[in-house]
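Contents: one structure, followed by commentary.
The values are calculated or read from the model by the stated rules, or taken from the named source; none is laboratory data. Just so it is clear, the model here is predicted, and its values are computed rather than measured. Note that each Cβ is placed from the backbone with ideal geometry, even for glycine, and that neighbours are counted across all protein chains shown. We work out accessible area using only protein heavy atoms, side chains counted, and drop any ligands, DNA or RNA first. Shrake-Rupley method; radii C 1.70, N 1.55, O 1.52, S 1.80 Å.
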Amino acid sequence: MPRCDWADSDPKMQAYHDKEWGRPEYDEQKLFELMSLELMQAGLSWQTVLNKRPALREVFYDFDIQKVSQMDQTDVTRLLQDERIIRNRLKLEAIINNAKVVCQLEQAGSSLDELLWQAVDYEPCINHFTKPEQVPAKTETSLELAKKLKKQGFKFLGPTIVYSLMQAAGLVNDHLVGCPEKFY
């Protein structure tokens, strides 16, 4: 059976599709990584993000939330010189800011995991799309979640990026019907 169309272009895309995308994720650090990668994708292809993922993991301490939250403008200046990564000041600053917000959530007795999964009542939404053009770029749920994230202080997470995060973290399962990775 064929996998979702977007994933057949490259071995990295295939591996990401087959082993990560759409699988429910609850680990705080992995959710933070997915959030960070999704915001990095804005205006770029997912292929670009996957190609730069090893370097992004390196410069962001494997997306260790505590370590990233301690980064400052000196780190941003250094990262802007690193040709191995996506060098966009607003995106880099957003990742650092978002790590600080996750730390604040934890100090308040909450978590990124809880905040995200609340949006879907703690159950993955399994869609039954048969064609790629049926998959939305955003939904009412992603719009509401984006507003909630913004209210918490998160940056660079509009409804489209949030929907991509929801797909990546398995809050929604948009594997096409017939895809061998479809979870029912």
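In table form, for the structure just shown:
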| read-out | value |
| --- | --- |
| Qualifying residue in the stretch 53-65 (condition: touching a helix residue (DSSP H, G or I) at 6+ places or on another chain (Cβ under 9 Å), part of a helix (DSSP H, G or I) and small (Gly, Ala, Ser)) | no |
| Thr74 touching a helix residue (DSSP H, G or I) at 6+ places or on another chain (Cβ under 9 Å), of a type in the set (Ser, Thr, Tyr) and either open to solvent by 40 Å² or more (accessible area, probe 1.4 Å) or within 15 Å of Phe156 (Cα to Cα) (or both) | no |
| Cβ-Cβ under 9 Å pairs, at least 6 apart or on other chains, the stretch 58-76 side farther than 19 Å from Leu34 by Cα, far side open to solvent by 100 Å² or more (accessible area, probe 1.4 Å) | Val76/Arg89 |
| Residue in the stretch 111-129 that is surrounded by the fewest Cβ atoms within 10 Å (Cβ to Cβ), counting only those that are aliphatic (A, V, I, L, M) and within 17 Å of the chain's Cα centre (by Cα) | Val120 |
| Residue that is most open to solvent (accessible area, probe 1.4 Å), among those in the stretch 17-33 that are over 16 Å from Val172 (Cα atoms) and part of a helix (DSSP H, G or I) | Lys30 |
| Test: residue in the stretch 130-137 that is surrounded by fewer than 20 Cβ atoms within 10 Å (Cβ to Cβ), of a type in the set (S, T, N, Q) and at pLDDT 95 or above | yes |
| Output for the stretch 40-49, where each listed residue is outside any helix (DSSP H, G or I) and surrounded by 14 or more Cβ atoms within 10 Å (Cβ to Cβ) | Ala42 |
| Residue in the stretch 27-39 that is among the hydroxyl-bearing types (Ser, Thr, Tyr) and under 19 Å from Val162 (Cβ atoms) present | yes |
| Single match in Lys151, Lys52, Lys155 (criterion: out of contact with any Cys (no Cβ under 6 Å at 6 or more places or on another chain), surrounded by 15 or more Cβ atoms within 10 Å (Cβ to Cβ) and without any contact (Cβ under 8 Å) to a residue 40 or more places away in the chain) | Lys52 |
| Residue ranges of helices (runs of 4 or more DSSP H) in the stretch 67-184 with at least 2 members of a type in the set (Val, Ile, Thr) | 73-79, 89-107, 159-168 |
| Only listed residue being in contact (Cβ under 8 Å) with a residue 12 or more places away in the chain, of a type in the set (Val, Ile, Thr) and more than 30 Å from Leu80 (Cβ to Cβ), chosen from Thr160, Thr130 | Thr130 |
